[in-house]
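First comes the structure, then the notes that go with it.
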Amino acid sequence: MKVTGLALVPPPSAADLPTVTPELLASVLARYSRSTDGIAAILAKVDVTNPDASIDRILKFVDYGHASIGGLTGGLAVALDGLSMWLAYKLFEISQMADGQESSTRYIAMDPANIPQASEIGIPDELAGRWRDVISRAFAAYNAEYARLDALAVSEPERVRLPKDAKPAVAARIRKNYALDRARYFIPLATRTNVGLVQSSRMWAQTVKHLDSLPNPEARRAAGLIREALLKLSPRLMRHSHAEQSFEEQARQELAASIRLGLERLSHAPLADEVWVHADLAAPPWLAQGQPVAESLRHRANRYGQQGQATRRMRVTFAWNNMALAELRDLNRHRTGHRYTPLIQAGFYLPPEIRASDHEALLRDQMQLTRELMAWGSPAYVYSLLLGAQTPFEHGTHADKFIYEAELRTGMGAHFRYAEHLGAALRRFLEQVPDARDWVVEGTAEPE
């Protein structure tokens, strides 16, 4: 669709449009920004039978760098099968402009066969046997607790919050989820999963560069596979996707900080909940915030409604001392702003329905293995963690995004632990921004 002045020009039929590669499309749009000829005239000069020559000619003319046109390639989809949950988490952390999905823990195999080989992920040979033993026992604990809780949900249905007049199939699904959502803290972070991401060539180049700069062999292997696939679609832009000194140095410092903090705080005793929220309402004096917070929020029909300037301009940082990796994997996917965790085990969360004393030997051995991997300075320590490991987690964004996340994660069908964490953060936010209280809904996480 092309707009000329105030006249909307219908698009040509598909038969009239040339088929272009993502990289040729990007170069055409770059040329478009340096011309008044219009898109049809520029496309008419493109030789679709020789896209490389057309790209070279255009890029030479417009003198654009790779990054400035990389975002014009449209969404390039990549699916990664069989990566660890740790690498899936890392991809979402660094691919902040991507749309993506990861396989739910409800649909992947909870079995020792569904983990990488120790040599693939950098587990030292001296510790490989102990690592496999801990992982196998963790899966056994998961499966045993899942079976016990599933049977308990049947024999004591009052434990499970069922919607009124729930059909038998719905009730059975909710009971199964009740058991899984509580047993999942024994799942190893090394468990294989699948991830699909869609983002532009520019962001893929950045993501692959970041992966290639990490000390983890799995991350570098994934970088090579993604680069190889995308070189077929965007060869010029993906040439800028190799490891780079600044990325490597920051990764080195972050690993050192994580190991130092991890050794100081390593524990399998559960951490009590603490939350920290800072709402920054400051505005420049020549552009003061004139809209009341209530006016920013009261017109919404639900969390998807548009919020006003008052909340869209307000900075909010929120953090927890004890985010279990099970919850971190999902909260990490809220894309805006910056998220940070040292990814350590400062405690270990189990829900009240599970007695930690029944698994004391496993948790002790898992913690000792983590300590030894950290003492080696090994980045592979992440593969010894289970999803119950509690780590500090911070997210900085704007108030409209925070409010959306809080309403989502306490709303209908939300996981019980999400609701606890976000409910606490929301209450702290409302203490600082009381005018939002009547217009922000903390849900009850009732089952769907």
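The values are calculated or read from the model by the stated rules, or taken from the named source; none is laboratory data. The model shown is predicted, which means the values in this text are computed figures rather than measured ones. Using ideal geometry, Cβ is built from the backbone for each residue, glycine included, and neighbour counts are taken over all protein chains shown.
Which of the numbered conditions does ALA257 fail, given that it passes all the others? Conditions: (1) at pLDDT below 95; (2) surrounded by fewer than 20 Cβ atoms within 10 Å (Cβ to Cβ).
(1)
Just checking, how many residues over segment 425-444 are buried (at least 17 other Cβ atoms within 10 Å of the Cβ) and in a helix (DSSP H, G or I)?
Looking only at that region, the number is 6.
Among the numbered criteria (1) at pLDDT below 95; (2) on the phi > 0 side of the Ramachandran plot, which single criterion is violated by ARG329?
Result: ARG329 fails condition (2) only.
Scan (1) in a helix (DSSP H, G or I); (2) surrounded by 14 or more Cβ atoms within 10 Å (Cβ to Cβ); (3) out of contact with any helix residue (DSSP H, G or I) (no Cβ under 6 Å at 6 or more places or on another chain) for the single condition TYR178 breaks and write down its number.
(3)
Select from segment 279-323 the residues that are part of a helix (DSSP H, G or I) and in contact with a strand residue (DSSP E or B) (Cβ under 8 Å, 6 or more places away or on another chain) and write down the one among them that is nearest to GLY337 (Cα to Cα).
Within segment 279-323, the match that is nearest to GLY337 (Cα to Cα) is ARG312.
Of everything in segment 402-419, what is in a helix (DSSP H, G or I), surrounded by 17 or more Cβ atoms within 10 Å (Cβ to Cβ) and either polar (S, T, N, Q) or in contact with a helix residue (DSSP H, G or I) (Cβ under 9 Å, 6 or more places away or on another chain) (or both)? Give them in sequence order.
The answer is PHE402, ILE403, GLU405, ALA406, GLU407, LEU408, ARG409, THR410, ARG417, TYR418, ALA419.
Report whether or not ILE226 is within 23 Å of SER200 (Cβ to Cβ) and either of a type outside the set (Lys, Arg) or outside any helix (DSSP H, G or I) (or both).
yes
Only residues that are hydrophobic (A, V, I, L, M, F, W, C) and at pLDDT 95 or above: list them for segment 227-254, please.
ALA243, PHE247, ALA251
What are the residue pairs meeting all of these: first residue in segment 331-354, first residue part of a strand (DSSP E or B), second residue hydrophobic (A, V, I, L, M, F, W, C), Cβ atoms under 7 Å, and 6 or more apart or on different chains?
GLY347/ALA269; GLY347/LEU271; PHE348/LEU363; PHE348/ALA389
Please determine, by comparing only the residues of segment 92-113 that are among the β-branched types (Val, Ile, Thr) and modelled with pLDDT of 85 or more, which one is surrounded by the fewest Cβ atoms within 10 Å (Cβ to Cβ).
Among those residues, the one meeting the criterion is ILE108.
Here is a list: ARG159, ARG148. Which entry is charged (D, E, K, R) and over 28 Å from ASP365 (Cα atoms)?
None of the other options fit; the residue is ARG159.
On the basis of being under 20 Å from the mean Cα position of the chain (by Cα) and assigned by TED's automatic domain parsing to the domain that holds ASN322, does SER258 make the cut?
yes
Select from segment 142-165 the residues that are at pLDDT below 90 and crowded, with 16+ Cβ neighbours inside 10 Å and list them in ascending order.
Scanning segment 142-165 gives ALA153, VAL160, LEU162.
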